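What follows is one structure encoded as structure tokens, with my remarks underneath.
The values are calculated or read from the model by the stated rules, or taken from the named source; none is laboratory data. Computed from a predicted model, the values in this text were never measured in an experiment. Cβ placement follows ideal geometry from the backbone for every residue including glycine, while neighbour counts extend to all protein chains displayed. The area values use the complete protein model at the heavy-atom level, side chains included, leaving out ligands, DNA and RNA. Shrake-Rupley method; radii C 1.70, N 1.55, O 1.52, S 1.80 Å.
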Amino acid sequence: MEPPSSSRLNSRKRRKDGSGPNGATELDGIPPKMSRHSFGLREPAPFSDEIEVDYSKPYVRLTLEEATRGTPLDRPVRVYADGIFDLFHSGHARALMQAKNLFPNTYLIVGVCSDELTHNLKGFTVMNESERYDAVQHCRYVDEVVRNAPWTLTPEFLAEHQIDFVAHDDIPYSSAGSDDVYKHIKEAGMFAPTQRTEGISTSDIITRIVRDYDVYARRNLQRGYTAKELNVSFINEKKYHLQERVDKVKKRVKDVEEKSKEFVQKVEEKSIDLIQKWEEKSREFIGNFLEMFGPEGALKHMLKEGKGRMLQAISPKQSPSSSPTHERSPSPSFRWPFSTKTPPSSPANLSRNQSAVAYDISEDEED
């Protein structure tokens with residue numbers, strides 16, 4: 001490896017000379033990280049027949065140990081993966097990603113079989129070969145695409161494309177009169193297994209379309225496709241249109257039901273709020289009424305205070321006991337006309353006027 005620069009020497013974390021990633025050496029068994037040589041990051045991957053191959057250098061296949069340890073940038077590990085890639089989906093992309101990441105420096109070549117070969121050996125495809133080529137071209141993990149790839153890999157094909165390893169899932173692939181078309185590849189030590197993505201495949205996608213055929217046919221008829229393009233008979237076309245109208249009516253009825261439920265729910269919520277507010281106001285009114293007119297209410301205290309004030313205003317004030325007494329001159333005697341007796345006097349003046357009364361009586365008797 002190249003000696004570290006001065007900027008790396010001045011850094012806090014330093015690596016030993018000849019060390020790999022994270023300070024590990026080659027003796028530790030950890031391969032150093034190397035930048036991948038790839039063409040398909042900014043533009044579609046090129047086709048193999050559009051690339052000039054340099055046959056001046058002899059083709060020497062790498063061993064698994066050499067490929068795992070890491071190779072120079074000008075000699076990446078050439079990995080080949082083939083398939084039909086009909087209805088290109090995430091399962092295909094994940095398999096190619098695994099093939100790309102098998103070794104630190106990998107150049108991924110992907111072979112795509114033609115329509116003629118696929119229809120003869122496997123069955124009819126949804127996408128034609130041009131569409132399948134284009135789909136694989138635009139996968140970010142692919143560096144090169146081989147059109148019209150062979151069904152069985154021959155030594156001549158491997159040497160022509162200078163292939164080091166073949167990547168595929170480890171499940172035996174029986175086809176073309178063979179129990180496993182990759183058997184000779186495995187025996188030669190050139191097979192690199194990958195894992196399948198469960199839950200998705202081209203067959204599963206086609207099964208979904210066949211299962212929901214009526215739904216997709218009605219959808220495409222609504223989008224403007226003709227019955228002839230969809231291979232739908234006249235009767236089925238009218239049936240699909242009728243079903244579409246019935247579904248629209250059902251949807252409207254369902255929308256009306258949902259809106260009515262929402263309206264009833266809102267009315268119930270409003271009525272509950274009104275009842276609660278009414279109960280609160282009634283409790284408040286009853287409490288105020290009891291505070292005013294109850295047995296110990298404010299009105300009773302007001303009446304008691306008013307009654308006391310009225311009694312005080314009606315009854316005369318008594319003279320204080322400590323006030324001095326004034327002597328009053330005896331009032332002159334008054335004689336009732338045609339009467340020989342004097343008018344009754346007050347008890348207070350009775351003692352004072354005893355002598356005068358006696359005198360008056362004597363005078364009357366003389367008269």
Among the candidates 235, 272, residue that is surrounded by fewer than 10 Cβ atoms within 10 Å (Cβ to Cβ), at pLDDT 85 or above and assigned by the TED database to the domain that holds residue 220: 235
Write out, first by first residue and then by second, each pair whose Cβ atoms fall under 7 Å of each other, whose residues are 6+ apart or on separate chains, and whose first residue, in the range 82-98, is free of Cβ contacts under 8 Å to residues at least 12 places away in the same chain while the second is open to solvent by less than 50 Å² (accessible area, probe 1.4 Å) and in a helix (DSSP H, G or I). none
Among the listed residues 211, 218, 223, which satisfies the condition of being in contact with a Phe, Trp or Tyr (Cβ under 6 Å, 6 or more places away or on another chain) and closer than 30 Å to residue 92 by Cβ? 218
Filter the range 85-101 down to the residues that are more than 10 Å from residue 136 (Cβ to Cβ) and part of a loop (DSSP other than H, G, I, E, B) and list them by number. 86, 87, 89, 101
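Working carefully through the options 143, 169, 180, 115, find the one that is in the same structural domain as residue 65 (by the TED database), at pLDDT below 90 and open to solvent by less than 50 Å² (accessible area, probe 1.4 Å). Don't jump to the end; show me each part of the working.
Values: 143 fails: at pLDDT below 90; 169 fails: at pLDDT below 90; 115 fails: at pLDDT below 90.
Selected residue: 180, the only one of 143, 169, 180, 115 that is in the same structural domain as residue 65 (by the TED database), at pLDDT below 90 and open to solvent by less than 50 Å² (accessible area, probe 1.4 Å).
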Kindly list the number of the only condition in (1) over 47 Å from the mean Cα position of the chain (by Cα); (2) within 16 Å of residue 189 (Cα to Cα) that fails for residue 59. (2)
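Please pick out the residue among 60, 110 that is touching a residue at least 12 places away in the same chain (Cβ under 8 Å) and aliphatic (A, V, I, L, M). Please lay out each step first, then the result.
Values: 60 fails: touching a residue at least 12 places away in the same chain (Cβ under 8 Å).
Within the list 60, 110, the selection yields 110.
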So is residue 280 acidic (Asp, Glu), farther than 29 Å from residue 221 by Cα, open to solvent by 100 Å² or more (accessible area, probe 1.4 Å) and in a helix (DSSP H, G or I) or not? yes
For a quick check of your reading of the model, give me the residue pairs whose first member lies in the range 150-162 and is surrounded by 14 or more Cβ atoms within 10 Å (Cβ to Cβ), whose second is aliphatic (A, V, I, L, M) and in a helix (DSSP H, G or I), with beta-carbon atoms closer than 7 Å and at least 6 apart or on different chains. 151/117; 151/121; 153/185
Considering the range 187-196 alone, what residues qualify as being open to solvent by 40 Å² or more (accessible area, probe 1.4 Å) and under 24 Å from residue 118 (Cα atoms)? 193, 195, 196
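Condition first: at pLDDT 85 or above and either within 30 Å of residue 119 (Cβ to Cβ) or of a type outside the set (Gly, Ala, Ser) (or both). Can you find one or more residues in the range 18-32 that meet it? I'd like the intermediate steps shown before the answer.
So the first thing to find is which residues in the range 18-32 are at pLDDT 85 or above, and the list is none.
Scanning the range 18-32 turns up no residue that is at pLDDT 85 or above and either within 30 Å of residue 119 (Cβ to Cβ) or of a type outside the set (Gly, Ala, Ser) (or both).
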